[in-house]
Structures are given as C-alpha cells and as structure tokens.
Amino acid sequence: MRAKYLLLLILTTCFCMVQGLIAQDINFAAVRVIEADFNFPTDICGNDGGDVFVLDAMNDRVVQIKAGGELVIIKPQQESIYKAVGIAWINGALWIADTPRSRLLRMEMSGRISQVIKLNHQTEPVDVIGDGENLVITDRRNHTVTVLDKDFVEKYYWGKRGEKVGEFINPGFLASGPENRIIIGDILNRRVVSFSPSGRYPQIIAKPGVEKGQIFRPKGVALDSKNRVWVADGYTGAIQAFSISGNYEGIASNAGKSLALSAPMGIYIDKQDRLWVVESFASKISVWRIK
Amino acid sequence: MGSRIFRKQNQRLADQIMTPLKRLLFALLFLCFVGPFAFAQHNPDGRKVSLECVVCHVSWHDNTNPEKSLLPKIDAPIQIQGMPARIPTAAMCYTCHDGTVMDSRQVFSSKNHQMPMEVKHANIKTLPLDKNGKIYCGTCHTPHSLKPERIGGLAPFLRVEKMNSALCLECHSNQAKSHKNHPIKVKVPANNTMPANSFWGKDGSMECMTCHPIHGTKSVLGVAGNDRSELCSSCHKAYFNIRLTDHDLTSSLKNKSSDIGPDFGGHDPCAACHVSHDGKAKHMWSMDVDENAGENGYCIGCHSNSGLGQEKAYAHAGHPVSKIKLKKAIPALGIKAGDELLCKSCHDPHNWEFSKKHAVKMANEEGTEYTSFLRLPDDAQGQLCVSCHADQSSMFNSDHSVAREGFQQYFRESNTIHGQCTVCHGAHTDELKGLTHEDPYTVLCLRCHDGQHFATSVVHNNHPIGVPFSSKSNLRGYKKDGQTLLSCNTCHNPHKWGKTVESSKTADLNGDDRNSFLTLSNWPEPNLCLDCHPEQATLLNTDHDLTETGKSACSLCHAPHNAETKYGIFAKWGDTPGASFNEKHCFSCHSEQGLASEKVVEAYAHPREFGILSPAARGTGDWLDFPVFKEDGPSKTVGYVDCFTCHNPHAWSYKPELRKSESANEEGNDLTSFLRNPSQLTLCTDCHGESTLWKYNYYHDPVKRKRY
C-alpha cells in the first residue's frame, strides 16, 4: 500500500516537473533595430541615465545610444580596444574587458582611457561586472572567476576547468542577481550558474539541452524587474527566462513564434524592462519590450 | 536509454534485493531526479559519446523532443546519415569563436574564403566540397584533425597542414609553382617590414599566407585597391627607388593609356611590369614577351619602336647584348663567370642611379651617364665599362681623359656632359657615338683634333687615310666595300697612351714614338711604320738610321701629322737651302750645319726647265726606278730630276746583299751610297748617252768641274 502511495507521489512529482518544462511563451514586442555599421559587436550595457553602450570592438569603438535614441561614436584615443569582448557600466564609468591583452580598461565618454588594469595569470577577461567596490571578471583562459578589490588587486578567485558544479568550461557573460549573487553563463558546460559573491553556494539556473527550458550556448545574462534571469542562447537564438532558483519561466516570443535571433551575445534590460540584444552575427542591436 | 544503463549497472543488486514494484519505483526515482544529470549523450549509431562531443554535435542530445526543440532550421552544407550537418556551419563555429571561447571574429568579418564559395579557378583534388559542389568551411577545416596544437601543423583544425603552403596548394597549385608567380618557400630579407604577426614558414621563408590572409578584409596584406606598394616594399624596399623614374609607369606614362600593362593612373609602381600571379612570362611579367629574345625580351618588349618605351627604342646597334658569354666573373656588376651578357648586366631597371646621390627629380627626366638605370656610372673613370674592359682603363690618366681640359672645353661648347666612354661610344647607337660617316674614326677624332680645340690639331698634311693597306699585324681600319681602309684607328688606340698604365700618365705632354696612343710601339724599332712599310726596314742600321730617344728612324724625316709636305709627309726642315722640297729636306742634314755635314752636297742641281719622261712613260721600266718630280710630288709621267731620282734614302744599296752597312759611317761607292739603281742603268744615259759621265762629273763633282 505504501508503495502505491509512493508511486502516486512520484507520478505527481514527475507531472509537475514536466509541466515546468513546457514552454511558456513570453510575448515580446519589437521596439527598434539599431544598425550602425557594427562589426560583430559583442556586449552591451547601460547607465542610470538611460544611455546604452555597445562594444563594437572589431571597429575599435564603443557606440553610445543616448536615451533619446541618438547614436554617438566613442573612439578610444589612447588605447585600442580591438577584439575586446565585454563591457559594463560600473560606478559611473565604462569598463571594458580587453580580452586578448589581459587588461581591464576604464574609458571616459570622450574615449580617453583613464585607467588600465593589467591582469595576472595571463587572464583573458571575457566580461566584467561590479560588486560593490569589487570588480568581478570571467576568464576564458583559466576558466575561473576572479574578484578584484577596490584597488584592483586580485582578492580571490574560484573555479577551474571542469564539468562539476563550481567548475567552468569557459565562463562567459556575467550579471548581478538578488543578494549580490553572481550569475555566470558557463558556456561550454551549457549551463547558467549563480554563486554567492564569495564564489560559494552554486545554484544551477539553466541546464544543458536544446529544448525549451534548456540552454546550449549561454551568452548574455540579465535580470528584469521581476528578477527573472534572461539568458541568450548563442546557437538557437532563443531568449529564455529562468527564476533565480532555476525554474523555467518561459521563452521570448513574438507573433506566436519563439525568437530565434542571430547569434545573440550580450543582453541588457533597462529600467523600462526593454531587452536590448546584441545580435552579433547580424551586427545589429534589437530592442524588445517584455510584455 | 537511461533505464538500459541502469539495468546494466545495477542488475545484480536489483535482482537480489528488489521486488518488481520496487524496481519500478527505483527506476522512476532515477529518471526524475538523477537521470537528467547522469545521462550521457549518444551519437546516431547509439554509441555513447562524451560531453565534449555534444559541445558541437548539438543534435546528439538525448531525448530531444522535436516539438520542443529549439534547434533552428538550417540549410546545412552537407548531410550526414540523411540529416543536415549542423557543425560545419558558420553559425555553429561562431558560438565559440565570437571571443568568449576563442576569437575568430576577424575570420567571420573576412571577405576572403567566405562560404559557400564557388570553386572558380581553384583546382581542388582531395578536399571535400559541399552538397552543391561549393567550398564550405569543412573543405579546409575539420574539428577532428589531429594535434591541432602543433605549431604550424593542423591548427586551426585543418585537414592539411598550412606549413609549406600545403593546404593552399591543394587548391591553388597552378598559382604557386611556376616562375610566372611570386615564389614561395624562399627566404626574405631579415629587415623586412611585414606585420609582426605575419605567417612564415618553419625556416622563416615565405609562404602563401605570408601575403594572403586566408580570412581577412583584404585578399592581400597591405593592399589598398590595386596598389600593392606597401606589401611589395615590405621585402623589396630597394626596388622602390624606381619611383618617379621612367620605369615607374604610373609616373612616366600617367597620362597615357595602353592596351597592355596596368592602369597607369594608379600608384603601384610594381604593377606596370609585375603581377603576383599568372604572369605572362617569367618574373611574374604582366605583358607579353618575345621568348625568342630571351631575358632581353623583357626590356625590348617596351624599348621597341612600338613599345611603351619607344622613345628609347633599342636599335640593335651599339654594344652587343646577346649570345655573349662572359668568361670571367664581374663582381661589380653581379655577373658570374659563364653568365650571358644581357641588358640587365649593365642596367638595373629598378635603380635610376647606382649611388642614389642623383635621385630623379621629375618624371621623364633625361638620363645621363650617372643615371639611366646604370649599375655603375660611366664617370671620368668609366666605372661601368671598365668593369669588363679593364684593359682600357689606362686612358683615364691620359690626355684622352674626359677630365682634361680638351674634353671639358668640348662639353662647355656643346652644353653636354659625358662619361669617359660614352663621350665617344654610343652604347645603344652605332659603335661610335652618333656617327654615320663611312669613316667614323676620322670624324670622331677630328671633333677634337680639328685645330679649333684644345687637342693637337691634325688637319694639315697627315699620313693618308681612307686608303687600302696591308698590315702584318692586321691593324684595324674601317670597312668599306669589303676592304679595310686606313683610318685613325689603324695607327692609334685612343685607350692607351703608352705601353703601360704608368706610361699613360700624362699632363698634356707632346707625344713621341713611345706613346701617342699608337697601336704598335714605334720606338726604338719603328714597328708601327714597318707593319705596313716593311720594305723600308732597309733603312735600319744605315747612316740614315738616326734613331734617338723617343724618335724612331722614320720620324727623323717623316711626320705623320702636320708634315711639311703632303707628299712624303716630310717633317719640317726649317730654313735650309735647296730649290725643291726634296732638296730642302735632304739639305736639312746634308749641309754645313746639318747632322750630315760631312756629306754636304755642294753641286747637285739638274736643269729643271726641261721635262723628263719617267721610265714608265718612256716604257723602259717602273716609274719608281727613277722617279721624277713636280712641285707637289713625284710624277709618273713627266718631271724633273731631284735627290730621290737617284737616291733611295731607305736603302744603303740597291744590291740586297749590300744593304746593311758593314760599319757606321761607312764610305759609300757606286754600289751603295743610297743609290737607287746601278749607274749604267740610270735614266741619265737615256738622254745623255755617252756624255753622261762627263756631265755627271761636271755637275756633281766640283773638283772635276774645275778640270773641265
């Protein structure tokens, strides 16, 4: 008898899990598409003033999209940012992960590089975010996440190359989550994981796969006003939402069809819950309103 | 699938401890909570594959529900087992090579080898093509290539190694293996200025990829439009001295157009003559070449009457440049022993001027002996010509040096400047510069030796020229109608003042028989004169052989230039007695103050008012047996008797056995005494008969005259 109850319990649990995997379309409305002669842009960020910045590194520049929609080209005056990957607005300044040259660059709106931080261990930073006074960077070479203190000195790092939880194979884009949790796209492990600021207590948010609710090439990650974690899939082109605890929330759709963007990479959600997506392969930025 | 694995791994335990229901419960638990993390992936054949495989083999994810699948529909370049292959698509590659894992964005932004690509001119033998017969990523790349980390090996995941241009040659063998293409696998200068990240062969040699980025925005490094200047100059910087010269056709022919060659309006000076691939001849030549002309064909192709360089057309005259093999190496010109003499032996088509001190200042600048693409200048030392014609170098310190006043005067007057050799020789015109006269030597020499210039005048009473001659040493002359006629160069070699270089050093000295640019030494033996006049050698060692320092036996009486007389080119005799030039000449010595004061001829005059028939006219012999004279020389018909009628100053005796004096100052008799003929056969008896002796004594012997 106990076995029968147990069987019923299991079947019920399975049903709920399957339900969670059923795709739930989240309607997106197209706002605009920005094409500014981009050349394989990679990342995007914004500031509190409503300005959005696109890292167009293959053109050795940053494109500023002002709140009013005006485009401003920011050319670095002193240092090239050729083949940089990540960009973030941290504490009132633009920070660029100068990937091939193991540096973080602080760039003024004039294009002047006001600070150059040389990283140790031949680190090749992919993305950078701020965590209070700290900077957090992902490292494609050493497969780690490194935290720099306010003096830009390495404070600690975690991770190594591997498949276990807490290990990475090419950690990529970053986002800050509730309670300062650090959300990381673990690209070749095909998952999205969050950690405490100290690198502990990993929580898998998105798991590997090519069905709805799964991720194959996690690229940009961002949180909306409902603290949903949006993840761009660099291969399927899907934009999917997960709860911070790892429940599948749904997939971005437009006109009844799941979005299948062109190699989406960095994503950014502004205060109006508009999702900005870098469609890298198409060299354009698409903006969507989350309904 | 998971249950099968479960069964395999836990069969024994389950059989022992579980009831069928429990087994089911356990299986469900495993499925729900463990399965998603423990399941491995499988390929279409059912073989378990590792996680690394699924990183790319996206369709190998187990249990993918097609209805829930997010896999985009793609137009895959190839199919594997009936399914579209997703991996060899740019979209798949880009998921990692976007900078987050690796960075190949420059490849994806490349204009080169963008897929799918038509095969076009490529000659692909072994590499795979896509389903439409086009080149795709997988044509060159496969993620399964071995040892991708090997330097220069199969990275980045190549099917064929790129070292030694092996991969490139798989398709482009026809563009790399002949002299019509830029060579590969060759060393490049250490000071090349190619970009630091250029691709080089194992030993630093050049490969296809050194110039051609496989993936990039440009098909060739450093090339903007059709201008390859930057690329070419990376290794061939020295060749860029060609800029603004006549060989920089973008400059010299800027405003012209042609059916052949490049766009002259561009800025690539190389393009006029060279293409990097598929040239029409060796040296990556851009134009058609007459291959029968050999290496010179590349020059003559333009420097012909209808060529681009027709203003400097090669006239097949002047210095020969074909079928001449040089026996000795000439390092100064980079010529090795056995090399054939070519246009480029003297000319470096890329260097207007050898020392780069005389840079070209403007397009179409006229060349000089210092420029004109010469490898060495024809300066006052004649560097270029002397490289081969070293034996001519002795003239550079002689009066024939262009540095001397005579030539400088000529240059000032003609407002020209010439090198030591080209002042006389036209390298590409006739043998001697600009002369069409039948005797170019005379004309050339008289340009300076004309009495109007610094050089010695030779316009008056010279040794005859333009006449046939017979020379023991085959002295030169000029050819006419199959004959060699005497000219200046018969006796003179303008390149050599004396016998040696040292003896050629002069300072406007007057010459003598030891030097004077003579082709043969004329002192102490008068070899030059005797070469054509061997019969006069009888003079030697007679009382008439007055050889002295610098003056041969001939020169005492004869002056080949500026003589007193045209006939006999007698040297000037000064103020001496005598009625005829013969008498004056003889009496210059045979007088009281003369060298032959012991043999003063006191009585000699034969009446001149009566014409005397020569032996030839009389039919009694040759005119030279007893020559008679007129005012301007000997007469073959009618004349008067003079010294040389009876005397032959070149022979002591008319008898061959007596022609050499037995001792100096030997007293003569009727067999010797420079008599031309025995007395019984004289012309005198023809007129005077038996009274001949009496009359002879009367007129020639004052003592006997008194008796009479």
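Every number here is computed from the coordinates shown, using simple stated rules; none is lab data. Computed from a predicted structure; not experimentally measured. In this analysis, Cβ positions are derived from the backbone assuming ideal geometry, glycine residues included, and neighbour counts consider all displayed protein chains.
Structure notes:
- If R0 is taken as 35 Å, the Cβ-Cβ distance between B:Lys480 and B:Arg412 corresponds to a FRET efficiency of 0.50.
- Backbone geometry of segment B:282-290 corresponds, through the Karplus equation with coefficients 6.51, -1.76 and 1.60 at θ = phi - 60°, to 3J(HN,Hα) couplings of 4, 6, 6, 6, 8, 10, 5, 10, 6 Hz, x marking Gly and Pro.
- A Förster radius of 60 Å combined with the Cβ-Cβ distance from B:Asp288 to A:Ala93 puts the calculated FRET efficiency at roughly 0.40.
- Amide H to amide H, with H built 1.01 Å from N, A:Ile205 comes under 5 Å of A:Val192, A:Val193, A:Ser194, counting only residues 5 or more places away or on other chains.
- Most positive-pole-ward Cα, A:Ile267, B:Pro88, A:Pro208, against dipole of the protein assembly as shown from beta carbon charges: A:Pro208
- Here segment B:288-347 and segment A:140-165 have alpha carbon centers that stand 70 Å from each other.
- Whether segment B:531-675 is rounded, prolate or oblate, judged on the alpha carbon gyration tensor where a/c under 1.5 counts as rounded: rounded
- Residues of segment B:344-383 with an amide N closer than 12 Å to a point placed 7 Å from the Cα of B:Ala332 along the Cα-to-Cβ direction: B:375-383.
- Rounded to 10°, Cα long-axis angle of helix B:2-17 versus longest principal axis of chain B: 40
- Centroid-to-centroid separation of segment B:446-462 and segment B:531-595 [C-alpha atoms, Å]: 23
- Chain B: angle of helix B:20-29 to the longest principal axis, Cα-based, in degrees nearest 10: 50
- Taking the number of Cβ atoms within 10 Å of each Cβ as an exposure proxy, the fewest-first ranking of B:Leu539, B:Leu127 is B:Leu127, B:Leu539.
- Here the Gaussian network model covers chain A, with springs between Cα atoms less than 10 Å apart; of A:Trp230, A:Trp276, A:Trp89, A:Trp89 fluctuates the most.
- Across segment B:663-671, computed HN-Hα scalar couplings (Karplus, 6.51 cos²θ - 1.76 cosθ + 1.60, θ = phi - 60°) run 7, 5, 6, 5, 6, x, 9, 6, 9 Hz from first to last residue, x flagging Gly and Pro.
- Degrees between helix A:2-21 axis and first principal axis of chain A (Cα, 0 to 90, nearest 10): 30
- Each Lys or Arg adds one and each Asp or Glu subtracts one; over the other residues with Cβ under 14 Å from the Cβ of A:Ile26, this totals +3.
- Amide H contacts under 5 Å for B:His463: B:His561, restricted to partners 5 or more places along the chain or on a different chain, H placed in the peptide plane at 1.01 Å from N.
- Per-residue Cβ neighbour counts within 10 Å put B:Arg608, B:Arg228 in the sequence B:Arg608, B:Arg228, beginning with the fewest.
- Simple label model, 7 Å out from Cα along Cβ direction - B:Val220 to B:Leu127, nm: 2.0
- For chain B, adding -39500 (n - 2.57) for each run of n ≥ 4 DSSP H residues and dividing by the number of residues yields -4500 deg cm²/dmol at 222 nm.
- Neighbour counting of Cβ atoms within 10 Å sorts the residues B:Lys636, B:Lys344, fewest neighbours leading, into B:Lys636, B:Lys344.
- Cross-link pairs beyond the 31 Å C-alpha cut-off, checked among B:Lys584/B:Lys695; A:Lys164/B:Lys131; B:Lys111/B:Lys237; A:Lys207/B:Lys73; B:Lys327/B:Lys361: A:Lys164/B:Lys131; B:Lys327/B:Lys361
- B:Ser673-B:Lys472 pseudo-label distance in nm [points 7 Å out on the Cα-to-Cβ vector]: 3.1
- Set of aspartates and glutamates with alpha-carbon distance to B:Lys356 below 20 Å, sequence-local pairs under 8 removed: B:Asp246, B:Asp248, B:Asp348, B:Glu365, B:Glu366, B:Glu369, B:Asp378, B:Asp379
- For segment A:71-138 and segment B:389-425, distance of Cα centres in Å: 73
- For segment B:604-617, 3J(HN,Hα) per residue [Karplus equation, 6.51 cos²θ - 1.76 cosθ + 1.60, θ = phi - 60°, Hz, x = Gly/Pro]: 7, 5, 9, x, 10, 6, 9, x, 10, 6, 6, x, 5, 6
- Spin-label pair B:Tyr698/A:Tyr201, simplified geometry with 7 Å Cα→Cβ offset, distance in nm: 16.6
- B:Ala579 long-range amide H proximity, modeled H, under 5 Å: B:Lys584
- Unsatisfied cross-links (Cα-Cα over 20 Å) in the set B:Lys180/B:Lys323; A:Lys118/A:Lys155; A:Lys75/A:Lys219: B:Lys180/B:Lys323; A:Lys75/A:Lys219
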